[in-house]
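Below is one structure, written out as structure tokens; comments come after it.
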Amino acid sequence: MSTQYQDAYLYDAVRTPFGKVGGALAKSRPDDLAALVVKESVQRAPGLAQAGAEAIDEVVFGNANGAGEENRNVARMATLLAGLPTSIPGTTVNRLCGSSLDAAIIASRQINVGEADLMLIGGVESMSRAPWVLPKTERPFPMHNLELANTTLGWRLINRNMPKEWTVSLGEATEQLREKYGITRERMDEFAANSHQLSAKAWDEGKYDNLTVQVPDVDLTRDETIRPDSTAESLGGLRTVFRKENGMVTAGNSSPMNDGASAAWLGSEKASETLGLQPLARIAGRAAAANEPQYFGYAPVDAVNQAIARAGITWEDISAVELNEAFAAQSLACTDAWGVDLDIVNTWGGAIAIGHPLGASGARVLGTLARRLEESGDRWGVAALCIGVGQGLAVVLENVNARA
């Protein structure tokens with residue numbers, strides 16, 4: 001390892017197709033899904049056959065739940081289940097929806113300061129298998145009824161000292177956000193339909209062939225929640241979910257609940273020889289931002305602006321944006337704030353269609369961004385996610401083959 005500052009590069013990325021909750025991947029444990037993308041990453045790095053897997057300095061994975069079968073540090077469990085040497089450390093990160101992008105940020109810093117040359121990052125979530133939990137009582141054998149909490153998504157076991165306006169549901173928070181920024185139902189449904197159509201088109205054109213690995217013994221060859229026949233008109237007929245009156249957020253203009261895993265190789269320049277791969281992109285800027293919890297969907301605005309500034313560029317330099325589509329209203333609020341042309345946003349589809357298995361989404365958007373830049377030859381792109389409880393994360397990538 002180097003003891004001087006060194007750039008961090010993204011070399012490769014892979015994910016499973018994302019399954020719908022209760023769907024094709026519902027019988028797959030999250031630690032097994034994580035192990036699959038770990039093993040696949042190793043197999044896609046021909047140099048490791050000679051260098052040895054011991055060259056991996058650490059595995060960092062994101063996971064938003066941590067209450068189920070992934071509870072014993074899923075990064076470490078996946079490393080062991082994949083058959084890697086027991087000498088490779090692993091740590092699991094929880095920044096909710098941004099967990100695996102946070103894993104990439106943490107790993108890139110370790111590379112920058114010379115603490116590591118080769119890091120495997122990723123994330124996993126099984127929203128199908130997220131358990132119900134029963135809180136422990138303050139005294140044994142209570143006489144009152146006890147209530148189970150669903151750990152699949154959102155607030156649970158809320159602290160009484162938390163202001164109620166902060167703990168509204170994610171959908172109600174999005175209703176408040178679209179009211180604040182004047183996002184119309186028509187725009188939301190059009191954005192959502194476009195996500196489905198672009199996702200289907202990208203799969204049909206083979207864009208995801210090099211970005212995905214099929215789960216063994218599972219009949220799932222592409223993301224399960226894509227509906228290519230979606231139109232703004234068909235989505236416009238759906239009922240609202242979170243507000244019965246004056247609501248606009250529906251199941252159709254929101255991301256679904258999903259299962260899946262993702263991974264990516266990050267390394268120094270030296271890691272190219274170890275992996276037997278050429279770098280795709282340099283991690284040029286990164287940032288985290290935060291605001292009021294109920295406006296979580298708007299937090300990427302500041303995160304992206306900071307990350308772009310830290311990369312030493314401006315919005316005029318950005319040719320590709322990968323923004324995780326938690327909700328259409330949230331995505332539009334961000335893109336409106338940036339003043340960015342939607343023609344460069346999620347051109348291979350987004351989470352409304354592809355899905356949003358929380359801990360896996362960050363590495364998905366990062367890997368997709370790297371491959372988009374590789375295909376287009378453009379130099380600069382940014383990946384970002386909104387995060388529950390009012391946070392946003394962003395990473396700027398520079399296509400290393402576009403510098404000239």
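The values are calculated or read from the model by the stated rules, or taken from the named source; none is laboratory data. Just so it is clear, the structure is predicted and the values come from calculations on it, not from any experiment. Neighbour counts run over all protein chains shown; Cβ positions are idealised from the backbone, glycine included. Ligands, DNA and RNA are excluded from the accessible area calculation, which covers all protein heavy atoms including side chains. Shrake-Rupley method; radii C 1.70, N 1.55, O 1.52, S 1.80 Å.
Can you name the helices (runs of 4 or more DSSP H) wholly within the stretch 1-105 that have at least 2 residues being at pLDDT below 95 and of a type in the set (Gly, Ala, Ser)? Even if it seems obvious, please write down each step before you answer.
Numbers: elements: 30-43, 48-51, 74-81.
So the answer is 48-51.
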> Out of all the residues in the stretch 122-163, which are among the β-branched types (Val, Ile, Thr) and either outside any loop (DSSP other than H, G, I, E, B) or loosely packed, with under 13 Cβ neighbours inside 10 Å (or both)?
Replying inline: 124, 133, 137, 158
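So which residues in the stretch 168-181 are over 24 Å from the mean Cα position of the chain (by Cα) and within 13 Å of residue 331 (Cα to Cα), if there are any at all? Lay out the reasoning, then the answer.
Step one: list which residues in the stretch 168-181 are over 24 Å from the mean Cα position of the chain (by Cα), which gives 179-181.
Within the stretch 168-181, just 181 meets the criteria.
Just a yes or no: is a residue in the stretch 61-84 within 22 Å of residue 282 (Cα to Cα) and surrounded by fewer than 18 Cβ atoms within 10 Å (Cβ to Cβ)? Reasoning before the result, please.
In the first step, residues of the stretch 61-84 are kept if they are within 22 Å of residue 282 (Cα to Cα); the result is 61-62.
Checking the rest, the ones that are also surrounded by fewer than 18 Cβ atoms within 10 Å (Cβ to Cβ) come to none.
No: zero hits.
Only one of 274, 212 is surrounded by 14 or more Cβ atoms within 10 Å (Cβ to Cβ), more than 17 Å from residue 20 (Cα to Cα) and modelled with pLDDT of 95 or more; which? Full working, then the answer.
Details: 212 fails: more than 17 Å from residue 20 (Cα to Cα).
Of the residues listed, the single one that is surrounded by 14 or more Cβ atoms within 10 Å (Cβ to Cβ), more than 17 Å from residue 20 (Cα to Cα) and modelled with pLDDT of 95 or more is 274.
Would you mention how many residues in the stretch 97-117 are over 20 Å from the mean Cα position of the chain (by Cα), closer than 20 Å to residue 76 by Cα and open to solvent by 10 Å² or more (accessible area, probe 1.4 Å)?
Here is the first cut: in the stretch 97-117, the ones over 20 Å from the mean Cα position of the chain (by Cα) are 110-117.
Within this subset, residues satisfying the condition of being closer than 20 Å to residue 76 by Cα are 110-111, 115-117.
From what's left, open to solvent by 10 Å² or more (accessible area, probe 1.4 Å): 110, 115, 117.
The qualifying residues number 3.
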> From the residues in the stretch 225-234 that are within 24 Å of residue 361 (Cα to Cα) and open to solvent by less than 60 Å² (accessible area, probe 1.4 Å), which one is farthest from the chain's Cα centre (by Cα)?
Replying inline: 230
